[in-house]
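A.B. asks: Structure in structure tokens, see below.
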Amino acid sequence: MVNALKRKGVNLSIKELDSDIAHFRNISISIGSVHHDTWQEPTGPTPFPTLSTLRSWDHALLARYKPFYLPFCDLCCLCTYGKCDLTGQKRGACGITMAAQQSRIVLLAACIGAATHTSHARELLTGLIDRFGSDLPINVGDVGVEVEAPVTRLVCGIRPQTLGDLEPVLDYCESQITQLLAVTHTGQEGNNIDFESKVFHAGMIDHVGMEVADIAQISALGFPKAEPESPLADLGLGTVDVKKPVILVIGHNVTPSAGIIDYLRAEGIQSEVEVTGICCTALDVTRYSSRAKVIGPISWQLRYIRSGVPDVIVIDEQCVRTDTLLEAAKVKSPLIATSEKNCLGLPDRTHDNVGDIVKDFIDGGIPGALILDPEKAGEVAVRVARSIAPRRKKQGTDISKEELGRLAKKCTQCMLCRRACPNDLPIAQAIRAAAGGNLSLLDELYDDCVGCGRCESACTQKLPVHSLITAAADQKTHSESYCIRTGRGPIQDTEIRKVGGPIVLGEIPGIVAFVGCANYPKGSREVAEMCREFAKRRYIVCTSGCSAMSAGMHRDEDGRTVYEQFSGAFEAGGVVNVGSCVSNAHIAGAAIKIASIFAKRPLRGNYEEIADYVYNRVGAVGVAWGAMSQKAAAIAAGFWRLGIPVVVGPHGTKYRRMLLGRSDKTEDWYVYDARSGGKVFTGPVPEHLFFAAETKEDAMVMVAKLTMRPNDTSKGRANKLANYIDLHKRFVGGIPPDVHLFVRNPADIPLTMKDEVTLHLKDHDWKEQPIPDPTLLPRLIHKKRV
Amino acid sequence: MPLNESWQTAEIPGPKKASLIIKPDIADAMIRRAKRPIMIVGHGIVEYDVEGLKLIDCLIEFATKAHIPVVVTASTNREFLNRGFTPAALMPAVDIGNRLTDPGWKGFDGKDAYDLAIFVGLPYYMEWTILSGLKHFAPNLKTMTLDCVYQPNASWSFPNSTIKDWVVNLKGIVDGLGD
């Protein structure tokens, strides 16, 4: 890696040189970029780790959390030897086992995710450097943020100070992703645990790529800089003024959306056009201008486009429905594609005159254009929206209730809609009721529908099934009116100093991060309900991405969303929206900063020690309740390597493997006591590293359990146990059957539950255990002073 | 629809598919043959209430008659407790699935490995993936589902059935176990 970096900068150092003209000593020549390293901290053992550098750490985790593979297919079909039948312990033509094949698919997913974030970061960074110059300082917090890129500092061992400093970081990410992808070729890695180690590597790289993307856009585009009380933005279709021209942006790369805002600002017409968004572009455009509005998560794409409200649709990259052009054409909304990664077969108009493109949209009726210049795309979008809106009159493909009844009568009850539905929703039953005039069942489906449209593709009668659902629920759709706190970006160092102690000692029961996509088993509201419950219990709750939107789409009995009910500070009972997908790096960054700022552990290129600290002491848990994408897989993997467990919803079993601990195997739960060097039993904390819950209730009980760490003080453990026991009693019934595994001494027992827990301990042959200074790394055992 | 077609149309596993329980006697024979059966019950069972018969009551009768320990995976536990039935264990679905792949695991009573796992009431796709894990990584275990939809990754599964037919089949299995 050092060589690769030198290639960029070309450094040459000569100790002695004899020539015809003179004798030289200690010459140093640098060509190209010169990195002014002002970071005084000594470099740790693993700067710029390669594929195998952190292998022993990964293997230590994987020895506890062995993969439980859940093949989604009996076969391997990745090469022309195949398809290979891997059932019954058979090996494929290349010799691969089912276990290795599953881990290989997990690695592929993690590589796709890491590549997507890193490519997003590269595109952003290149554009921002072109616009602002490579010397633009990184500034993600005017006050209170001195450790401004904790993931990059930890992994790469460098401290980036300008946009230009981020380029070699991405060079590193890209080289690692290329090598990781190569690992999945036929006849490379053959061992499933080594595949899994590389999954962790891909996840770690993913977090570096995400961090680069977000700190670059925060620094250059003036997003909120670690502000606990960043502004609230409108959320939901009901907040849109449909009398105005409306632009819809979908995707993840904010630059075209920023181009729209810039043009509106330059023309002084911000109040005349509604800029609305779906997916992370929506979150990031509200960070750029809090006048922009978030419509909802990915699952709102079909329903919002079909409503006819958006007059122009601008798409960039990632998680954009690939049939958007078709859907846009049906409602006569022009579409502008803005990413090389997503051209949709459209003609490239990047170098054409703006006036000509606008004219072709308005008079020529072209359905779409590819414009790879964000500023130009922004201007075209605004001008077209203003011209076309009066003519379009928000004409959608929504159907009337009368039409709904007529269409419903065509249904043959073949059940293919239900069999195509990811959530097995009783669609045919609801359509039958609608045919008889009862729309209530269809209306109920709206809440649980993930908006994928598979029901329509499957329908033999060509019924617009998804539109039948939204038609029945039209009052709900148009009254969705909520708010979301705009993404604040990183957590301040000062906040970390305040909460570091209470978190590590367990007095704040944990950090629970609701992240990821919207493939929920029972609708968005479950995320909001979980957020509210944990915030009320004084956990620190973080949100990001589609989950941040879902968290805001529900009101309490007083009519408040979680963002109005709780503060946005990183504190007990705070609900902290860090921002979009790429902002997830700040959640990992907060855990890393607890180790480096609060506990003063060396940060620079010192991955294992920091991860060991986080794993054993920081009670953080990720919840990706609707995880769907490969990016979510990579994000989760980055948390795993850092020792942070992740809970997913039931659809998460389709990621093909879990990482589960065995609480019944006592031999798995020993750590080194750094004080004595001896091995100490800690109980199964945290019990799992990657776990799919069946219901929201299961997830909440498991989250409370997974926040326990070996280092908890008795006061802290009692607090965590009180939450675990209370949630278990409420949702499952009775005291948890494994509670004796988490009590180390009588002081760990919650005071209000003393009698019942003590009785349980007596029934389970409980013995007192010491509380160690825990580590999995023998090198961290304190050396005895002579 | 064909009897042995995956309920969720696209969830087709490959060459190894479940045999059909076309009549209750088949299930009874499998249960009688098993030395160490176990039943895993998900949260979906409380949703079924057909002609006055609650599925959970049918399962309690089934487990009691056949002396099969019941593992409850989710908040359904409360429903069992309300009926005076205490499950053998509470354990999340992926956790019990994982343990069943371990040939060295001696079960909740510490006596021996289970040889038949009967699943019912998990979300279709989650049961599908867990049964796939067991199909591939628990070679000594037979699996059976009592749901009314075809689960291709089980060793034995009901076909896709109407609720009425399904109830008749379940009653038939319970009756076949004798008193």
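Read-outs throughout are calculated quantities, based only on the coordinates presented, and are distinct from any laboratory measurement. Everything numeric here is computed off the predicted structure, so don't read it as measured data. No Cβ is skipped: glycine too gets one built from the backbone with ideal geometry, and neighbour counts run over all protein chains shown.
A.B. asks: Please compute, for peptide A:65-78, the average count of beta-carbon atoms on other protein chains lying within 10 Å of each residue's beta-carbon.
C.D. replies: 5
A.B. asks: From the Cα gyration tensor of the stretch A:401-463, with a ≥ b ≥ c the square roots of its eigenvalues, which class applies: rounded if a/c is under 1.5, or else prolate if a/b is larger than b/c, or else oblate?
C.D. replies: Here the stretch A:401-463 falls in the oblate category.
A.B. asks: Same structure, new question: Taking the Cα centre of chain A as origin, work out the dipole magnitude from +1 charges on Lys and Arg Cβ and -1 charges on Asp and Glu Cβ, in debye rounded to 20.
C.D. replies: About 1280 debye.
A.B. asks: In the neighborhood of B:V120, defined by Cβ-to-Cβ distances under 10 Å, what is the net charge if each Lys or Arg adds +1 and each Asp or Glu adds -1?
C.D. replies: It works out to a net charge of -2.
A.B. asks: So, one more: If each DSSP helix of 4+ residues adds -39,500 (n - 2.57) and the sum is divided by the residues in the protein assembly as shown, what number results at 222 nm, nearest 500 deg cm²/dmol?
C.D. replies: The per-residue figure over the protein assembly as shown is -12500 deg cm²/dmol.
A.B. asks: Listed here are the pairs A:K90/A:K198; B:K111/B:K164; A:K332/A:K409; A:K410/B:K16; A:K665/B:K54; A:K66/A:K341; which of them are more than 32 Å apart at the Cα?
C.D. replies: B:K111/B:K164; A:K410/B:K16; A:K665/B:K54; A:K66/A:K341
A.B. asks: Quick one, could you list the DSSP H helices from chain A stretching 30 Å or more along their long axis (Cα atoms) with average Kyte-Doolittle hydropathy of -0.5 or above?
C.D. replies: The qualifying helices are A:98-132, A:192-221.
A.B. asks: Which of rounded, prolate or oblate describes the stretch A:257-379 when judged by the alpha-carbon gyration tensor and an a/c cut-off of 1.5?
C.D. replies: Because its axes are fairly even, with a/c under 1.5, the stretch A:257-379 counts as rounded.
A.B. asks: First check a/c for the protein assembly as shown, with a ≥ b ≥ c the square roots of the eigenvalues of its C-alpha gyration tensor; if it is under 1.5, answer rounded, and if not, answer prolate when a/b is larger than b/c or oblate otherwise.
C.D. replies: oblate
A.B. asks: Say R0 is 45 Å: what FRET efficiency, to the nearest 0.05, do A:T186 and B:I22 get from their beta-carbon distance?
C.D. replies: Efficiency at R0 = 45 Å is approximately 0.60.
A.B. asks: Same structure, new question: Sum up the charges of everything whose Cβ sits under 13 Å from the Cβ of A:H185, counting Lys and Arg as +1 and Asp and Glu as -1, but leave A:H185 out.
C.D. replies: +1
A.B. asks: Summing +1 for each Lys or Arg and -1 for each Asp or Glu, what net charge is found among the other residues whose Cβ lies under 14 Å from the Cβ of A:T713?
C.D. replies: Residues near A:T713 contribute +2 overall.
A.B. asks: Residues in the stretch A:524-557 near a label at A:R730, defined as backbone nitrogen under 13 Å from the 7 Å Cα→Cβ point?
C.D. replies: A:529-539
A.B. asks: Another question, if that's okay. How are the Cα pair distances of the stretch A:696-786 distributed, in percent, across 10 Å bins from 0?
C.D. replies: The distribution over the stretch A:696-786 is 16, 44, 26, 10, 4, 0, given as percents.
A.B. asks: Further, regarding this structure: Summarise the partner chain shielding of B:130-143 as one whole number: the mean count of Cβ atoms from other chains within 10 Å of each residue's Cβ.
C.D. replies: What the average comes to for B:130-143 is 4.
A.B. asks: Mind jotting down the distance between the C-alpha centroids of the stretch A:135-185 and the stretch A:251-295, whole Å?
C.D. replies: Here the two parts' Cα centres lie 27 Å apart.
A.B. asks: Any chance you could run the full-extension gain for A:K536 through A:R675? It's 0.36 nm times the residue separation minus the Cα-Cα distance, nm to one decimal.
C.D. replies: 46.4 nm
A.B. asks: Over the stretch B:28-99, one equal point on each Cα, no solvent: what is log10 I(q)/I(0) by the Debye formula at q = 0.16, 0.20, 0.25 Å⁻¹?
C.D. replies: Rounded to two decimals, the profile gives -0.58, -0.88, -1.23.
A.B. asks: With a point put 7 Å past each Cα toward its Cβ, work out how far A:D241 is from A:K332 in nm, to one decimal.
C.D. replies: The two pseudo-label positions are separated by 2.4 nm.
A.B. asks: Once R0 is set to 41 Å, what does the formula 1/(1 + (r/R0)^6) return for the Cβ-Cβ distance between A:E146 and A:H764, expressed as a FRET efficiency to the nearest 0.05?
C.D. replies: The pair A:E146/A:H764 has a calculated efficiency of 0.30.
A.B. asks: Hey, fewest Cβ within 10 Å first, where do B:F80, A:F570 land in order?
C.D. replies: Ranked by crowding around the Cβ, least crowded first: B:F80, A:F570.
A.B. asks: Find the Rg to Rh ratio for the stretch A:334-439, where Rh is the Kirkwood radius over alpha-carbon pairs and Rg uses the same atoms.
C.D. replies: Here the Rg-to-Rh quotient is 1.21.
A.B. asks: Another question about this same structure. Let's see if you can work this out: charge +1 on each Lys and Arg Cβ, -1 on each Asp and Glu Cβ, no other charges. What is the dipole magnitude of the stretch B:19-176 about its Cα centre, in debye to the nearest 20?
C.D. replies: Taking the Cα centre of the stretch B:19-176 as origin, the dipole is about 420 debye.
A.B. asks: What is the average number of partner chain Cβ atoms found within 10 Å of a Cβ in B:75-85?
C.D. replies: Neighbouring Cβ atoms belonging to other protein chains average 3 per residue here.
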